Amino acid sequence: MKKGNFPATRFAATQNLLFQPICEPEATAGRQFGYTLLELVVAVGILGALAVAATSLFFSAIRGGGKVDVTTEVKQNGQFALSRIEQLTRNSLTVEACAINQVDPEAVSVTLTARDRTQLTFSCEVDAEGNGYIASNTERLTSDRVNVTYCAFWCEGVGDSFRPPLVKAAFTLSQAGRTGDVTEAATAQFSTSVGLRSF
């Protein structure tokens, strides 16, 4: 045999092995490629469930942020009112008019004499929209974005020569004008008891 020459039968056998298809054409002739209806329904159901979960998580986060903002505003208003009541009461000379207990109908205000001998009155008031607020003479101590739902001022020890009079205040604040979702409403209670330094 010469170099480079192969017998015809040998070449034909090698060619048949090299070019044989892996799958027989008869086995795949009836099969179409793609997804079945059941596979599509399952995929759409999974995607729908994920979309609902993501949407509810998104709205919960937004609602939670709103609740924090409302609660912060109510607490800031209450803390400011308490600090002003405490500061002005502590520096007053005498108690002029005050209810003797919290349930007294007159417990909506207290009148003190300030160091400059002027009258200082803390009171529970109602504005034109029907929202309650706390006032110090003509100064509003709570903003118009909060509503005072409960308010009382009363005193203990007035006229007692052995101890300074105590001015007590208690009030409840909520967000004004909130008629929507109850879960976003914020309410906070505040109270203080302050003795006069001038005793």
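What ratio of Cα Rg to 2.2 N^0.38 Å holds for segment 41-195?
In units of the globular-protein estimate, segment 41-195 measures up at 1.48.
What do you get for GluC sites (Glu not before Pro) in segment 81-139 restricted to DSSP loop and a cutoff of at most 11 other Cβ within 10 Å of the site's Cβ?
GLU129
Measure off 7 Å from each Cα along the Cα-to-Cβ vector at ARG115 and GLU156, then give the distance between these two points in nanometres to one decimal.
Modelled inter-label distance: 2.7 nm.
Between beta-carbons, use under 14 Å as the cut-off and find the net charge around GLU86, counting Lys and Arg +1, Asp and Glu -1.
Result for the neighbourhood of GLU86: +4.
Trypsin sites (Lys or Arg not before Pro), restricted to segment 66-138: which are DSSP loop and have at most 16 other Cβ atoms within 10 Å?
ARG115, ARG117
Read the figures in this text as sums done on the coordinates, not as results from a lab. Since the structure is predicted, the reported quantities are computational estimates derived from the model, not experimental observations. In this analysis, Cβ positions are derived from the backbone assuming ideal geometry, glycine residues included, and neighbour counts consider all displayed protein chains.
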